[in-house]
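A.B. asks: Below is one structure. I have some questions about it.
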């Protein structure tokens, strides 16, 4: 890595002014994970300070125009708040130099997944679930050096989902009343989690034990986004990818492979109080004179790391660092979710 890119990793002000930089070991986390990383503090002159603090914060915000009520609705919810000191100075003087402070913060479970509304979906609607981690070098109540970084939280689908049943069975009739036998539809998806741009391979088996030919089979990937604000909501349901297949004849059992694809630009799933985004693989077996046999299977779509994320925290050439020993955080005041009534 060249000198310029190393400078960018810690900030262009290195060697010119006092600055602070925070960097986590990775960008994507799940509920219950430990967020670890480093804070680099570079001082050009001696400074009397209070300490170095970490703030972990997350929110869910929505707004849209309600045309039925001719008003603009807005709603926000704090999802995460954790504030603690990682190095207490207490009014003492810190000498000039480059200091590195390792930190670890525990992420609580049950948080909504990071989300950004797709561009062009609706110009009147805004929806965002955003998390960040911030480092503050508190010099005085009026002066603070600050650095922040976005973190991505993944929100897996609920483990118990009634849709995820491998087989569906339906009755086949003629003229809506004369029994003609049974037909069953079995669906299997081997992979459970995907990222934008990934293909989805769907394996199907149709057992047509009836005396009626089944004309067609449709497999589609759907995305449903629900945005809530106040007591109103907006719903966006869209077919992202689809595949049409010819159904089996009477008395036959046929096997199929359907190939779907997740768009390269699409938000990750989330199940929040204000924002939900869910993906389903929906299979529909058309049955003449009877109700179609429908099978739904939830698909988990996770957000990948941002392309501009610096995986490694590097220091400029010639930078000599000193590692602070972090204090016992249990002895320091800490503001967290419980203080703010955040579940």
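The values are calculated or read from the model by the stated rules, or taken from the named source; none is laboratory data. Since the structure is predicted, the reported quantities are computational estimates derived from the model, not experimental observations. Neighbour counts run over all protein chains shown; Cβ positions are idealised from the backbone, glycine included.
A.B. asks: In this structure, is residue 137 at pLDDT 90 or above, over 21 Å from the mean Cα position of the chain (by Cα), closer than 30 Å to residue 19 by Cβ and not in a loop (DSSP other than H, G, I, E, B)? Break it down stepwise before answering.
C.D. replies: Details: at pLDDT 90 or above: yes; over 21 Å from the mean Cα position of the chain (by Cα): yes; closer than 30 Å to residue 19 by Cβ: yes; not in a loop (DSSP other than H, G, I, E, B): yes.
Judged against the criteria, residue 137 is a match.
A.B. asks: Then there's this: Report yes if some residue within the range 58-66 is part of a strand (DSSP E or B), more than 22 Å from residue 19 (Cα to Cα), in contact with a strand residue (DSSP E or B) (Cβ under 6 Å, 6 or more places away or on another chain) and at pLDDT below 85; otherwise report no. Before you say what the answer is, go through the steps one by one.
C.D. replies: Applying the first criterion (part of a strand (DSSP E or B)) to the range 58-66 yields 58-66.
Then keep just the ones that are more than 22 Å from residue 19 (Cα to Cα); that gives 58-66.
Applying the additional criterion that residues be in contact with a strand residue (DSSP E or B) (Cβ under 6 Å, 6 or more places away or on another chain) yields 58-66.
From what's left, at pLDDT below 85: 65-66.
Scanning the range 58-66 turns up at least one residue that is part of a strand (DSSP E or B), more than 22 Å from residue 19 (Cα to Cα), in contact with a strand residue (DSSP E or B) (Cβ under 6 Å, 6 or more places away or on another chain) and at pLDDT below 85.
A.B. asks: Show me the strands (runs of 3 or more DSSP E) entirely contained within the range 213-315 in which 1 or more residues are in contact (Cβ under 8 Å) with a residue 60 or more places away in the chain and over 30 Å from residue 109 (Cβ atoms).
C.D. replies: Numbers: elements: 216-229, 232-246, 253-261, 275-285, 293-301.
Strands (runs of 3 or more DSSP E) meeting the threshold: 216-229, 253-261, 275-285, 293-301.
A.B. asks: Next question, about the same structure. Filter the range 264-277 for residues that are farther than 19 Å from residue 76 by Cα and loosely packed, with under 15 Cβ neighbours inside 10 Å and give the result.
C.D. replies: 264, 265
A.B. asks: Across the range 130-145, what is the total count of residues that are surrounded by fewer than 19 Cβ atoms within 10 Å (Cβ to Cβ) and under 11 Å from residue 39 (Cβ atoms)? Walk me through it before giving the result.
C.D. replies: Residues of the range 130-145 that are surrounded by fewer than 19 Cβ atoms within 10 Å (Cβ to Cβ), as a first pass: 130, 132, 134, 138-144.
Among the residues that remain, those that are also under 11 Å from residue 39 (Cβ atoms) are: 134.
Residues meeting the conditions: 1.
A.B. asks: Please specify each residue of the range 182-212 satisfying the condition of being buried (at least 21 other Cβ atoms within 10 Å of the Cβ) and not in a strand (DSSP E or B).
C.D. replies: Within the range 182-212, 210 is the sole residue that qualifies.
A.B. asks: Any idea which of (1) under 26 Å from residue 308 (Cβ atoms); (2) more than 18 Å from the chain's Cα centre (by Cα) is the one residue 26 doesn't satisfy?
C.D. replies: Status for residue 26: all satisfied but (2).
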